[in-house]
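Data first, discussion second: the structure below is written as structure tokens.
Derivation of every value follows stated rules applied to the coordinates shown; laboratory data play no part. All values reported here derive from a predicted model rather than from experimental measurement. Cβ: placed from backbone, ideal geometry, glycine included. Neighbour counts: every protein chain shown.
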Amino acid sequence: MPQIPADFASYWHQTLEQLAAYPACPELELLPLRCTDFATLYGVRLTSLGPYRLFGYLSIPQGRGPFPTLYYVPKYQSVLEILGQSTSNMQRSRYVTFALAGRGQRLADVPYAAMFPGLLTDGIDHAASYVFRGIVADSVRGLQWLLTRPEVDAQHVVVFGHDLALITAALQPGATHVVTTPALFHQTAALAPKTQAYPLEEVNDYCRAFPDRVEAVQHTLAYYDLQAFAPQVSATTLLMTGAPGSVLDAQSLAPVAMALRGQVTVHPSEQSNYKDGLYIEQWMAAQCGISDVQAILPRAWQAGQ
């Protein structure tokens, strides 16, 4: 594990303190085109650290709540989706869903438009101004606001995503479950040179371009290492790992799994969107007391059952 900086706790405490200085100032706009007979969709504007104005999609099922809730934290991609790729729209009939664009993503790209590739190393040689410090704050702000909604069942709040899902659950109380597929911040400085795959190759490219900054990059990345956050996560967690032999396989991520305080299920990728997606959907439904998961699966997946 990378050496945890001595000021790791104060770095994140100061970040959250600075975030708290900005009221969320939520604005909701009904989006009739995306409403259905089973769910209502809103565009949401929130203020985060900076101040910076964010955008998200909030979907609320028809009927009497509260409902189990899925919070899709900002992804490492330019566009914002209402739901994850391959996910059935029928998911919105059972869960409150909230998908948030972090700063730089489209719909939250004013005044800052992120580059893809490039976001992972934007400001990486200065921990205080690294772009992901703001993006983590954005993700925390999203969960803070979501937990204020009366439609949300506080006993079933799933934080879903890549590294930010686990980091957000560590920094902000309220997540009861986490689904995380690490891709960015597990022993990054050590593992990136072992792969040429995007997005970790961004770190390799940056260090080749600026060899005099390698030590500073390693220092910044140490503030984001998942193993340092894991002991703060008490939520029940599904840890999706890479396929055996990959740089982020179950063996590589074992220290993270062991450090988590809550119950953890480790599921190695089967390198199939269908098989991995089906496992996640069934796991979440079981955790949230949804007995008819078959009805909210993508039609193609239903045919495979």
### Task
Report whether or not GLU81 is in a loop (DSSP other than H, G, I, E, B) and acidic (Asp, Glu).
yes
### Summary
Residues of the stretch 241-273 being outside any loop (DSSP other than H, G, I, E, B) and surrounded by 22 or more Cβ atoms within 10 Å (Cβ to Cβ), in sequence order, are THR241, LEU253, VAL256
### Query
Do you know which of the residues in the stretch 173-199 that are part of a loop (DSSP other than H, G, I, E, B) and polar (S, T, N, Q) is nearest to GLY142 (Cα to Cα)?
THR176
### Query
For the stretch 56-69, what are the residues that are closer than 17 Å to ALA99 by Cβ and more than 15 Å from the chain's Cα centre (by Cα)?
LEU58, SER59, ILE60, PRO61, PHE67, PRO68
#### Entry: Residues located in the stretch 156-203, provided they are among the hydroxyl-bearing types (Ser, Thr, Tyr), closer than 25 Å to MET115 by Cβ and touching a strand residue (DSSP E or B) at 6+ places or on another chain (Cβ under 9 Å)
THR168, THR180, THR181
#### Entry: Looking only at the stretch 65-84, and only at residues there that are free of Cβ contacts under 8 Å to residues at least 40 places away in the same chain and farther than 19 Å from THR168 by Cβ, the one that is surrounded by the fewest Cβ atoms within 10 Å (Cβ to Cβ)
VAL79
### Message
If a residue must be β-branched (Val, Ile, Thr) and surrounded by fewer than 15 Cβ atoms within 10 Å (Cβ to Cβ), how many such residues does the stretch 108-141 contain?
### Response
1
### Query
Going by the structure shown, is THR220 crowded, with 21+ Cβ neighbours inside 10 Å, in contact (Cβ under 8 Å) with a residue 12 or more places away in the chain and not in a helix (DSSP H, G or I)?
no
